[in-house]
Amino acid sequence: MASSGTRYVIVGASAAGMAAAEAIRATDRSGSVTVFSEEPDLPYFRPLIPFLISGRKSAADMALMGQGPYRGAGIDVRIDSRVDRIDSRAQTVEIHNGERLPYDRLLIATGSSPYIPPEIAGTDTEGVFALRTLADARAAERRVAGTRHAVMLGGGMLNLKASFALLERGLQVTLVVKSPQVLSQLMEPDDAALIRDALNKAGLKIETGAGAVEILSKGRGVSGVLLDDGRTLDCEMVCIGKGVQPNVAGIDPSDIRIDRGVVVDRFTASNAADIFAAGDVAVTFDPITGGRIVTGLWTNAVDMGRCAGYNMAGKPTEYGGTFGILNATQVADVAFVSMGIVHTTGRDYETHAHGSRGAYRKLVFSSDGTRLVGVLLVGDISRAGMYRFLIKEGKPVAKIKSHIIDHTLHYGHFVCPDTGKG
Amino acid sequence: MSEPKEIFVRLDRCMGCHSCELACAVEHSGSKSLYGAISEQPRPKPRVYVESVSKTPVPVVCRHCEDAPCMHACIAGAIRRTEDGVVITQSDRCIGCWTCVMVCPYGVIGRHLEEHKAYRCDRCPDREIPACVGACPTRALVYRSVTDFSRHTRKTASAQMLGTQGG
Amino acid sequence: MAGERDAMSKSTDPAIREMIARAARMEIKTVWDRYEAMRPQCGFGDTGLCCRHCLQGPCRIDPFGEGPAEGICGASADTMVARGLDRAIAAGTAAHSGHAKHLAHTLLKVAKGRTGAYSIKEPGKLRAVAARLNIPVEGRPDNDIALDVANAALADFHEKETPVLWAATVVNPQRAKVLTDLDLVPRGIDHEVSEIMHRTLYGVDADPVNLLLGGLRCGVADLAGCYMATDIADILFGIPTPVVTEANLGTLKAGAVNIALHGHNPLLSDMLVARAHTRNEDAIAAGASGINIVGICCTGNEIMMRHGIPACTHSVSQEMAIVTGALDAMVVDYQCIMPSVASVAECMGTALITTMEIGKIPGARHIAFDEESAVEKADEIFDIAMANFRRRKNKPVDIPNIKTPVVAGFSVEAIVAALSKLDAREPLKPVVDNIVAGNIRGVCLFAGCNNVKVPQDNNFTVIARKLLKENVLVLATGCGAGALMRHGFMDPANTDALCGDGLKAVLRAIGEANGLGGPLPPVLHMGSCVDNSRAVALAVAVANYLGVDTDKLPVVASAAEAVSEKAVSIGAYAVAAGLPTHVGVMLPVLGGPLVTRVLTDKVKDLTGGYFIVDLDPESAAEKLLAAIDERRAGLGLQSPKAS
């Protein structure tokens, strides 16, 4: 247990930072917890920003403190405060206005930023968005009024959600993806039939196998997108959703080890004393493969942030890692969950896929068939969490394997041995 | 403050009658009566599930985990813990992203498709005893504190070892 | 006061509340305790969604759509509930007609001179029934006619070329046509019961509407059984005429040999009543003031209607008669006898005597009754009761000092006779004229049981109170009559207070024309549950007089606190006869949306009748009044504004 009066400083006030702050508060009631955010808004649930565009939620509806597990009590959140420099020897952080603040424990939870492909020209044009912050969403929302057609570059979750928000606002929306299908990170082409149908039914136009070369503009900004096949799509708005990259600016790599993101050990500690990292900015590991990964998932960030918080407050807590893929959502009226290893083509896994009218599932086992390593559920996603548990814990599944394959597994199978008798 | 109570399942007593499910759905209906609930739209949903393993019925219900993964995973801040320690889903905040379904290791979070909302056991805040417990004809579901339940379990076990005295 | 409120939730009868408290003090378990222990009751059974018709089951369908939507065989929720309802109707039909068959055998024995204990008490009724059945009566001795009537009755049970005569000949011609067109005329009473068992078997009838129509036909067979039971009981034991008597536990006498007759068939009970005076001296010799026979349930109604025997209590409170400690013997035949009476009787030292081969109860003494040895068996029962009295005579008893005056005995014949004092040529004219004039807004028949789910008698009394104020002529049978009599609804002294002005005037006019020096009682007691046939007979007579079908009459029925499957079959024939029929407890059909819709609405297009299921007596009364007014409007009659 950290001694009373410990000064905790957290850089970044999103999922990892705020989860860490709460975890510290729950463990050490007397230390000071200061969270710096460069954004102008108080912490909010970032995944909700498409709802600001659709109009389903206001910015106030998205506020984080006081909601869910975030009580926010005794946590000093400083907005509009970018941390420019971390001095690990002096144990201080320097705010962009020059203020310096000492820390006893520091968490780097600076998150990630959208990746803007440099090969596309004109990405700085007015009307081009890479939705990341509430401020981005506000700007995009303002642009909706003068927009008839929006072009979305990239077919990941963020762009899909943004697409639906814009469709809800009555816009025509075209999704341009380089791969042969949308959500290629989350499923393989053969697995995506139901999702494709749902997207078509929802009125989303999809251009697969195409990429943007240049964003065209005139007058009020964006006027179209020039594709690599020579076609031009006239539009008034462009959203770029090509993934994210860790925010490591301001971190001295000679001081704190960086490999894409901040490298941490199993207890979320960086190589520098009393400096921890969590969330999108941290390099974590995949418990299935053991490999190092960086992810951009809220749920992972919360998980890791809490873990870091406990460790910082003197309650050693081992981080169990995260899957590179761990997504649940609903597109149009089709729900899906994708987690673990779901890309199996040409790889050595035991795969069981089953499709019916309204549902599809793919269960992926290790090559020896003894462990579950990945699950894709489309349509019927009930009890998906049990699979996550099995994958994460690497449990031997022989006794319940048929239930997994048939998607009939339930908690009773964990409680009560299945004798297999009639 | 007295120790909070939880719903415990005594597996050996469950007859698989599904009465808990019905009572749960009725309690979470508009009319709160079976005769009214039966024709309500959207349909009231049970939040307790009588599963079966071979021929053994196994009631499964939300554990309101101490470290509730659903609550921390929720991307909308819709899941919180009440002062009574009950983890609840606030329907008005739920966006139907199903992240909670993806992380619940017990598989006890339901999806209301018509409403596009997740739902789960709320331990019946309007009742002294949760509806499922009250409806159980064999008392396979009991509502007790952890201490109370384990004490009782020990007593039963020792009574059995002593040779079922007193019938 | 929570205790009193709790007691009120069990029974609105103060005598019964006293006994509930006594039972609690004595730690005797009652029906209310068992009900509490049973709660909550299974929702699947409650909604009819539990099926045990085959060995693959039990199956249950989830009414909320999460679990199974059909049985293992594929039966839908509607199929399941329709099958279940049909079987209830068949069971009720089997019971009423079993009672009737029993009487038909007795009539046959009388006709053949095989029993000296019974005789034809009512040759006029015998001849009237024979004439209705097209059996020649002119110049034939009673026994010959009785032989033909008994044989015709027994023939009505099996499938034969002709329709069931007790169905086909008892309805008005228009109704006969409706029933024929819908194929609702039964071909044999037992046959219809058997057909229900067949069609509801695993893998036969899965069409919910077809099943319901089959159920309705069985319901018409139930009418036949009821009607036959009434006819033959009247022939053998007499047509009821108005009698003055009393009801409730206060009719038990601490110093007398108290014998309660409980069940349904008058066969044994009438004999015991007839023999009682021959044993009175023995009772006095045993230290008693005499023999005091009281009735419970419909056996009680039979002997009250014909002999003015007081009613001790009814239906759900049957155990309470024993709890008084004053009952020396309870003699039962069949139907509505809770097996629990055996343990209560054991606690209280009451001799429980079963008498029927099909109705034995563990813990009871069985005296096999038959017509040939009826007198000896009756004497044996008296001996047991007197021996028991000797044992208990110096022990304290607790008889609530509560009883109400009752005027009963309103058979159709008695009503017509009373009306003929107003108009000898057209006795129904005064009633019909008053209906037309609005002095009588309509007619409601209360029937059925007391259900533990309802505070005893509350639904009956709340609805009757409202309807009487609205000038609805109220008839009652079975334990519905029992409920109303114990609350003073059959006491002419209450007519003025309970009835609206129009009805009051009519009841007074009839009473005075008959030299009663006052009005008829507010509610007319028409007999036991089989005697619902009397209400049908009255409705048919009025329909014939007016030349309209029964579904046009402003006549409704209510089984406000139904329990028995017999109430379900009676409800089925009331609906088949075209009556709006209220049921005050939930029928186990709610799980089948189509079946529910058909029973409460669509069937109206077929028979004109329909079920009104409403658990709230206040709103049920409103619905019954609305149904009456709708029918008045159909006849071009104005309805008074709702008050």
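Mind giving me the FRET efficiency for C:Glu66 and A:Ala139? R0 is 60 Å, r the Cβ-Cβ distance, nearest 0.05 is fine. Intermediate results must be reported in sequence, preceding the final value.
Working: r = 44 Å, r/R0 = 0.73.
Computed FRET efficiency for C:Glu66 and A:Ala139 comes out at 0.85.
Please compute the net charge surrounding C:Pro240, taking Lys and Arg as +1 and Asp and Glu as -1 over other residues with Cβ under 15 Å from its Cβ. The partial results should precede the final answer.
Working: positive: C:Lys121, C:Lys125, C:Arg306, C:Arg534; negative: C:Glu122, C:Asp231, C:Asp234, C:Asp270, C:Glu302, C:Glu413, C:Asp531.
Residues near C:Pro240 contribute -3 overall.
With N residues in segment B:53-92, what two-decimal value do you get for its Cα radius of gyration over 2.2 N^0.38 Å?
Relative to the rule-of-thumb radius for its length, segment B:53-92 sits at 1.49.
Helix B:146-161: angle to the longest alpha-carbon principal axis of chain B, degrees 0 to 90, nearest 10?
Between the helix axis and the principal axis of chain B, the angle is about 30 degrees.
Taking both sides together, what accessible area is buried at the B/C interface, probe 1.4 Å, expressed in Å² and rounded to the nearest 100?
On the way: alone 10340 and 23550 Å², together 32380 Å².
Using a 1.4 Å probe, the pair buries roughly 1500 Å².
Any idea of the total accessible area buried by the B-A contact, 1.4 Å probe, rounded to 100 Å²? It would help to have the intermediate numbers written out before the result.
On the way: alone 10340 and 18540 Å², together 25740 Å².
The B and A chains share an interface burying roughly 3100 Å².
How would you classify chain A from its alpha-carbon gyration tensor, with a ≥ b ≥ c the square roots of the eigenvalues: rounded for a/c under 1.5, else prolate if a/b is greater than b/c, otherwise oblate? Please list the in-between numbers first.
Values: a/c = 1.86, a/b = 1.07, b/c = 1.75.
It is oblate, given that a/c is not under 1.5 and a/b is not larger than b/c.
Give me the number: length gained by fully extending C:Lys421 to C:Arg5, i.e. 0.36 nm times residue separation minus the C-alpha to C-alpha distance, one decimal in nm.
On the way: separation 416, 0.36 × 416 = 149.76 nm, distance 4.74 nm.
Using 0.36 nm per residue and subtracting the Cα-Cα distance, I get 145.0 nm.
Between C:His277 and C:Ala633, what FRET efficiency follows from the Cβ-Cβ distance if R0 is 51 Å, with the result rounded to 0.05? Kindly include the intermediate steps, with their values, before the conclusion.
Numbers: r = 54 Å, r/R0 = 1.06.
Approximately 0.40, to the nearest 0.05.
A drop of at least 50 square angstrom in accessible area, chain alone versus all protein chains together, probe 1.4 Å. Which residues of segment A:315-360 meet that?
Listed in order, they are A:Ala328, A:Gln330.
Separation between the C:Asp601 and C:Arg365 pseudo-spin-labels, each 7 Å from Cα along Cα→Cβ, expressed in nm?
Using points 7 Å along Cα→Cβ, the separation is 5.8 nm.
Counting only protein heavy atoms, probe 1.4 Å: which residues of segment A:381-397 lose 40 Å² or more of accessible surface in the full assembly compared with their chain by itself?
So the qualifying set is A:Ile381, A:Arg383, A:Gly385, A:Arg388.
Heavy-atom accessible area per residue, segment A:272-330, 1.4 Å probe: how many Å²?
Values: 1600 Å² over 59 residues.
Per residue, segment A:272-330 has an accessible area of 27 Å².
Just to make sure I understand: if all protein chains stay in place, what is the order of C:Leu503, C:Leu516 by accessible area at 1.4 Å, largest first? Don't skip to the end; give the middle numbers.
On the way: C:Leu503 0, C:Leu516 105 Å².
Per-residue accessible area, sorted high to low, gives C:Leu516, C:Leu503.
Could you do me a favour and compute the accessible area per residue for segment C:150-236, 1.4 Å probe, result in Å²? Write down the numbers at each step before the final one.
Details: 2930 Å² over 87 residues.
Each residue of segment C:150-236 exposes 34 Å² on average to a 1.4 Å probe.
Does chain C come out rounded, prolate or oblate by the C-alpha gyration tensor, with a ≥ b ≥ c the root eigenvalues, rounded set by a/c under 1.5 and, if not, prolate when a/b is larger than b/c and oblate if not? Before the final figure, lay out each step's value.
Numbers: a/c = 1.25, a/b = 1.13, b/c = 1.10.
It is rounded, given that a/c, with a ≥ b ≥ c, falls under 1.5.
Using the eigenvalues of the Cα gyration tensor, what equivalent ellipsoid semi-axes result for segment A:199-308 when each is taken as the square root of five times the eigenvalue, whole Å, largest first?
On the way: eigenvalues 304, 64, 32 Å².
Taking √(5λ) for each eigenvalue gives 39, 18, 13 Å, largest first.
Order C:Arg391, A:Arg383, B:Arg93 by their accessible area, 1.4 angstrom probe, all chains in place, largest first. Let's see the in-between values first.
Details: C:Arg391 155, A:Arg383 50, B:Arg93 30 Å².
So the residues, ranked largest to smallest area, are C:Arg391, A:Arg383, B:Arg93.
Taking 22 Å as R0, compute the FRET efficiency from the Cβ-Cβ separation of B:His116 and A:Ala202 and round it to 0.05.
0.95
Once you sort the root eigenvalues of the Cα gyration tensor of segment B:9-128 as a ≥ b ≥ c, which label holds: rounded (a/c under 1.5), prolate (a/b larger than b/c) or oblate (the other case)?
Values: a/c = 1.63, a/b = 1.18, b/c = 1.38.
Cα axes put segment B:9-128 in the oblate bin.
Once the other residues with Cβ under 9 Å from the Cβ of C:Val472 are scored (Lys, Arg +1; Asp, Glu -1), what is the net sum? Could you put the intermediate results ahead of the total?
Values: positive: C:Arg441, C:Lys466, C:Lys469; negative: C:Glu470.
Around C:Val472, the surrounding residues sum to +2.
Name the residue, out of B:Cys97, B:Cys132, B:Cys70, whose mean-square fluctuation peaks in a Gaussian network model built on chain B with Cα pairs under 10 Å.
Maximum among the listed residues: B:Cys97.
With a 1.4 Å probe and all protein chains left in place, how much accessible area per residue does segment A:57-127 have, in Å²?
Numbers: 3440 Å² over 71 residues.
On a per-residue basis, 49 Å².
Got a sec? Charge dipole of segment C:55-139, +1 on Cβ for Lys and Arg, -1 for Asp and Glu; which of C:Val110, C:Val81, C:Ala69 is way out at the positive end?
C:Val110
Looking at the protein assembly as shown, what % of the alpha carbon pairs are farther apart than 46 Å? Mind showing how you got there, number by number?
Values: 386265 of 758296 pairs.
Tail of P(r) above 46 Å: 51 percent of Cα pairs.
Report, in debye and to the nearest 20, how large the dipole of segment C:117-265 comes out about its Cα centre when Lys and Arg carry +1 and Asp and Glu carry -1 on their Cβ.
Values: 12 positive and 19 negative charges, 83 e Å.
Result for segment C:117-265 is approximately 400 debye, rounded to the nearest 20.
I'd like to know how segment C:114-166 sits against the 2.2 N^0.38 Å rule of thumb: what's its Cα Rg over that expected value?
Numbers: Rg = 11.8 Å, N = 53, 2.2 N^0.38 = 9.9 Å.
Computed over Cα atoms of segment C:114-166, the ratio equals 1.18.
As a test of the formula, what do you get for chain C when each DSSP H run with n ≥ 4 contributes -39,500 (n - 2.57) and the sum is divided by the residue count, at 222 nm and rounded to the nearest 500 deg cm²/dmol?
Numbers: 27 runs with 318 residues, N = 643.
Taken over chain C, the calculation gives -15500 deg cm²/dmol.
Got a number for carbon plus sulfur as a percent of segment B:1-160's accessible area, 1.4 Å probe? Intermediate results must be reported in sequence, preceding the final value.
Values: 3620 of 7240 Å².
In segment B:1-160, the share of accessible area belonging to carbon and sulfur is 50 percent.
Which percent of the accessible area of chain C is formed by carbon and sulfur heavy atoms (probe 1.4 angstrom)?
Looking at chain C in its full context, I get 55 percent from C and S.
Once amide H atoms are placed 1.01 Å from N in the peptide plane, what residues at a sequence separation of 5 or more from A:Ile240, or on another chain, have their amide H within under 5 Å of its amide H?
When sequence neighbours closer than 5 places are left aside, the close amide H contacts are A:Phe129, A:Ala130, A:Leu131, A:Leu153.
To the nearest 20 Debye, how big is the dipole of segment B:1-113 about its Cα centre, given +1 on the beta carbon of each Lys and Arg and -1 on that of each Asp and Glu? Please list the in-between numbers first.
Details: 13 positive and 12 negative charges, 58 e Å.
Charge dipole, segment B:1-113, about its Cα centre: 280 debye, nearest 20.
Please find, in a Gaussian network model of chain A (springs between Cα atoms separated by less than 10 Å), the residue of A:Thr110, A:Thr284, A:Thr232 whose mean-square fluctuation is greatest.
Among A:Thr110, A:Thr284, A:Thr232, the largest mean-square fluctuation in the Gaussian network model of chain A belongs to A:Thr232.
Per residue, what volume in Å³ does the convex hull of the Cα atoms of segment A:35-192 enclose? Mind dumping the intermediate values first?
On the way: hull volume 27.8 nm³, N = 158.
Residue-normalised Cα hull volume stands at 176 Å³.
How big is the accessible area of C:Cys42 in square angstrom, nearest 10, if you roll a 1.4 angstrom probe over the protein chains?
The accessible area of C:Cys42 comes to roughly 60 Å².
Ignoring ligands, DNA and RNA, what percent of the 1.4 Å accessible area of segment A:253-299 is carbon and sulfur? Write out the running numbers ahead of the final one.
Working: 910 of 1890 Å².
C and S fraction of accessible area: 48 percent.
Which residues of segment A:46-67 bury at least 10 Å² of accessible area once all protein chains are present, versus their chain alone (1.4 Å probe)?
Those are A:Pro47, A:Leu48, A:Phe51, A:Lys57, A:Asp61, A:Gln67, which lose 10 Å² or more relative to the chain on its own.
Antiparallel as a % of all DSSP beta bridges within chain A, to the nearest 5? Don't skip to the end; give the middle numbers.
Values: 48 of 82 bridges.
Counting DSSP beta bridges with both partners in chain A, the antiparallel share is about 60 percent.
Which sequence of A:Arg148, B:Arg47, C:Arg25, A:Arg71 reflects their accessible areas, 1.4 Å probe, from the largest down?
On the way: A:Arg148 130, B:Arg47 35, C:Arg25 160, A:Arg71 185 Å².
So, going from the largest accessible area down, we get A:Arg71, C:Arg25, A:Arg148, B:Arg47.
Ignoring ligands and nucleic acids, what accessible area does C:Asp605 show with a 1.4 Å probe (Å², nearest 10)?
C:Asp605 has an accessible surface of roughly 120 Å² with all protein chains in place.
On the full set of protein chains, 1.4 Å probe, figure out the accessible area of C:Asp398 and give it in Å² to the nearest 10.
Surface accessible to solvent at C:Asp398 totals approximately 40 Å².
What number comes out for the charge environment of A:Ser14, summing +1 per Lys or Arg and -1 per Asp or Glu over other residues with Cβ under 12 Å away? Could you put the intermediate results ahead of the total?
Numbers: positive: A:Arg46, A:Arg132; negative: A:Glu38, A:Glu39, A:Asp41, A:Asp280.
Within the 12 Å Cβ shell, the charges total -2.
Using unit Cβ charges (K, R positive; D, E negative) and no other charged atoms, how large, in debye to the nearest 20, is the dipole of the protein assembly as shown about its Cα centre?
About 1280 debye.
Modelled label-to-label distance, C:Thr180 and A:His354, 7 Å Cα→beta-carbon offset: nm?
The modelled label-to-label distance comes out at 5.9 nm.
Quick one: if you stick a label point 7 Å off each Cα along the C-beta vector at C:Asp433 and B:His152, how many nm between them?
Taking the simple label geometry, C:Asp433 and B:His152 are separated by 7.3 nm.
The values are calculated or read from the model by the stated rules, or taken from the named source; none is laboratory data. Keep in mind that what you see is a predicted model, and the values were worked out from it rather than measured. Don't worry about glycine lacking a Cβ; one is built from the backbone with ideal geometry, like all the others, and counts go over all protein chains shown. In case anyone asks, the SASA skips ligands and DNA or RNA and just uses the protein heavy atoms, side chains included. Shrake-Rupley method; radii C 1.70, N 1.55, O 1.52, S 1.80 Å.
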